[in-house]
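Shown next, in structure tokens, is the structure this report addresses.
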Amino acid sequence: MLLSTGERWFNRFNLLLMLLLALAMLLPFLNVIAKSLSSNSMVMAGEVSLWPKEFNLYAYNLVFKSPMFMRSIQVTVFITLAGTLLTLFVVITSGYALSKKRLLARRTIMLYFLFTMFFSAGMIPGFLNIQRLGIYDTLWALILPGLMNVYYMLLVKSFFEQLPSELEESASLDGCHDIQILTKIFLPISKPIVATIGLFAAVHFWNIYVPAVMYIQSPKLYPLQVLNQMLIFAQSSIDSQHAADQDMHNMFGSENLKMAVIVVSTMPIVIVYPFLQKYFVKGVTLGAIKS
Amino acid sequence: MPGVVLTFIFHYLPMYGVIIAFKNYNPIKGIWGSDWVGLRNFTELFDSPFFWRAFKNTLILNGYQILFAFPAPIVFALLLNEIRSMMVKRWMQTITYFPHFLSWVVIGGFVVAILSPNTGILTTIQNWLSYEGSQLFLLTDSRAFRAILVISEIWKNVGWGAIIYLAAITGVNPEYYDAAVIDGAGRWKQTLHVTLPAIMPTIIILLVLRIGNMMGSDFEQILVLYSANVYDVGDVLSTYVFRLGLFQGKYSFTTAVGLFQSVIGFTLIMIANRLSRRVGGGLW
């Protein structure tokens, strides 16, 4: 194709713009990684930009030796695993049932779910509810409220709806009941949607922060993000409050350590992301176009 | 269906708790046992300057977000669509989607890493240019705070937001482009007269949804980034409820604020749905 000079300039300009944007996305990561691998004094002196100075792994060593940090990793891994599996279970069963036209009171159930997307009682009644249920300051307060996500359920529902109905018919002729149809026929071909929602749910639970601030009191149940927030935004002068936890005390004010904590808590997402990327783009667009 | 049960427990049960907005809630007496006070919480609320400050901030901040952060993914999708090389396109998508999966806490860490007056890369750059940096911590500067919120929002979500527009662009019938080329339209004209109209319904629906979502959005972002220094510009309704309700125990008062917020949010969404129906294709 023949390109005019104007178009060629536009192409170059556009490519340059994209390059700049990609850099803007990547540089913060490089900066944080570089700082985490440098000595604290170099970081404090403002000498570290994109390449570590006085390279060392001291900060990482400290992170992985800290019982408090390891405990919060355990907490986070637990809620992520349990939360993701349970979310998949709840969302898939609900989405499957609602994708069937023969479900009794389908519209009413749909409205029942949709209403919660648009109206909520608010933060304080939610908080009192958690207290009254007796799950305040337990990990269940972080897991249970997030399990039924109406948006994910809609994605599942529209995924099941676009599958050919012959699949189900032939299976029910063979004498399968609903649960068998779901597990034996539908699930094996639902990899894209399971992967998408699995990733979303896993990220949600891994990143959980606000509910933890509201519902968790005991430091030993703090998920990773709460600990991160305390470390990142701590003034270097902070002390006393957590002085009992000597190892926490040492952590405050050490800049390279803050950065190491960020790197470590981002790693799992970096690792699973490339494997699931091809699925979620499909999953999201499917749901978007349908609804 | 476990979904129905869970929704009932965690969405409908709390609605019962809303009645404490009309009571003087006393944890010992419980929700039902506390004394009725009628609308006193609401009159107190409308008399409170801090409530109005939070309300004003919510509107202003969302106005900025809609003005700047909302169009960013559209522009990005249009530009990305013009990239010829599939490889560059893929890479750009992979890179720009990623920040969406990071928590605001981690992004807050990036903001600190960039802006911190001693260790931040911004100061480092200022030093390179041997320009005497103001040594201000921008995150605690109320003049910069809203800009930081908007920029970090764009940084986190520009790529992710573009997915849906890219899908809409891919769905455009190629014949339209051929016809436009025959009519002598260049790339700019094609974008203006074919691509943009084609994704307009998507844009409008998302815009309407975004406006309907004004009341509660950005809570976590602000909660992570703000501090007492920037309350005057950064304290929004949700953070106001959070601080007063959970840390000062003003349960009834903040439930009233929350109810006000929910009702306005719900009304906005209803209006938004009306509007989006008028432009074709309502939300439900």
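The values are calculated or read from the model by the stated rules, or taken from the named source; none is laboratory data. From a predicted model like this one, the values you see are computed outputs, not experimental measurements. As a convention, Cβ positions derive from the backbone with ideal geometry for all residues, glycine included, and neighbour counts pool all protein chains shown. Please note that ligands, DNA and RNA were not included when accessible areas were found on the heavy atoms of the full protein model with its side chains. Shrake-Rupley method; radii C 1.70, N 1.55, O 1.52, S 1.80 Å.
A few comments on the model shown:
- Relative counts (whole %) of C-alpha pair distances in segment B:141-284, using bins that are 10 Å wide: 10, 26, 28, 20, 10, 4, 1
- Relative to the longest principal axis of the Cα atoms of chain A, the long axis of helix A:5-36 makes an angle of roughly 60 degrees.
- Dipole of segment A:41-190, positive end: most advanced residue of A:Phe113, A:Ile130, A:Leu103 [Cβ charges, Cα centre]: A:Ile130
- Heavy-atom accessible area order for B:Val88, B:Val105, largest first, 1.4 Å probe: B:Val88, B:Val105
- Projected label distance in nm at B:Ser48 and A:Phe78, using a 7 Å step from Cα toward the beta-carbon: 3.6
- Folded to 0 to 90 degrees: helix B:49-64 orientation relative to chain B principal axis, Cα: 10
- Ranked order, B:Tyr12, B:Tyr165 - accessible area, probe 1.4 Å, largest first: B:Tyr12, B:Tyr165
- Label point 7 Å beyond Cα of B:Lys56 along Cβ direction - residues of segment B:255-275 with amide nitrogen under 18 Å: none
- Summary value for chain B: 27 percent relative contact order, contacts being C-alpha pairs under 8 angstrom separated by 6+ residues.
- Across all directions, the average flat footprint of the convex hull enclosing the Cα atoms of segment B:32-161 is 13.5 nm².
- In the protein assembly as shown, taking the dipole from charged Cβ atoms about the Cα centre, the farthest positive-side position among B:Thr191, A:Phe280, B:Thr96 is held by B:Thr191.
- Compactness ratio for chain B: Cα radius of gyration over 2.2 N^0.38 Å (N = residue count) comes to 1.24.
- Spin-label model, B:Asp183 to B:Ile271: label points 7 Å out along the Cα-to-beta-carbon direction sit 3.6 nm apart.
- To the nearest 10, the accessible area of B:Phe110 is 10 Å² with a 1.4 Å probe.
- At least 50 Å² of accessible area lost relative to the chain alone, listed for segment B:239-274 with a 1.4 Å probe: B:Leu246, B:Tyr251, B:Ser262, B:Phe266
- Rolling a 1.4 Å probe across all protein chains gives A:Met148 an accessible area of roughly 10 Å².
- Between the beta carbons of B:Ile264 and B:Val4, assuming R0 = 22 Å, the FRET efficiency works out to 0.20 to the nearest 0.05.
- Remark: mean inter-chain Cβ contacts per residue of A:109-120 equal 5, using a 10 Å Cβ-Cβ cutoff to other protein chain atoms.
- Percentage relative contact order, segment A:70-199, counting C-alpha pairs under 8 Å, at least six apart: 41
- Gyration tensor verdict on chain A (Cα atoms; rounded if a/c is under 1.5, prolate if a/b is larger than b/c, oblate otherwise): oblate
- Relative contact order %, chain A, counting alpha carbon pairs below 8 Å whose residues are six or more apart: 29
- FRET E, pair B:Lys29, A:Leu111, Förster distance 30 Å, beta-carbon r, rounded to 0.05: 0.30
- If you plug the beta carbon distance of B:Phe247 and A:Glu166 into 1/(1 + (r/R0)^6) with R0 = 60 Å, you get a FRET efficiency near 0.55.
- Tilt relative to chain B, helix B:142-170 - C-alpha long axis, 0 to 90 degrees, to 10: 50
- For the pair A and B, total buried accessible area rounded to nearest 100 Å², probe 1.4 Å: 7200
- Shielding score for B:175-188, defined as the mean number of other chain Cβ atoms within 10 Å: 1
- Difference of contour (0.36 nm per residue) and Cα-Cα distance, B:Leu67 to B:Ile204: 47.9 nm
- Accessible solvent surface per residue of segment B:1-153, calculated while the other protein chains remain in place, 1.4 angstrom probe, Å²: 49
- Computed label-point distance, nm, for sites A:Leu26 and B:Trp91 using a 7 Å Cα→Cβ extension: 0.7
- Diffusion constant of segment A:1-131 at 25 °C, which comes from Stokes-Einstein with the Kirkwood Cα-pair radius and 0.890 mPa s, µm²/s: 114
- Placing unit charges on the Cβ atoms only, positive for Lys and Arg and negative for Asp and Glu, gives the protein assembly as shown a dipole magnitude near 880 debye about its Cα centre.
- Using only side-chain charges placed at the Cβ, +1 for Lys and Arg and -1 for Asp and Glu, the dipole size of chain B relative to its Cα centre rounds to 380 debye.
- Overall form of the protein assembly as shown per C-alpha gyration tensor (a/c, 1.5; a/b vs b/c): rounded
- Other protein chain C-beta atoms within 10 Å of residue C-beta, averaged over B:32-42: 0.
- All distinct Cα pairs of segment A:123-178 go into the 1/r average, and the inverse of that average, the Kirkwood radius, is 14.7 Å.
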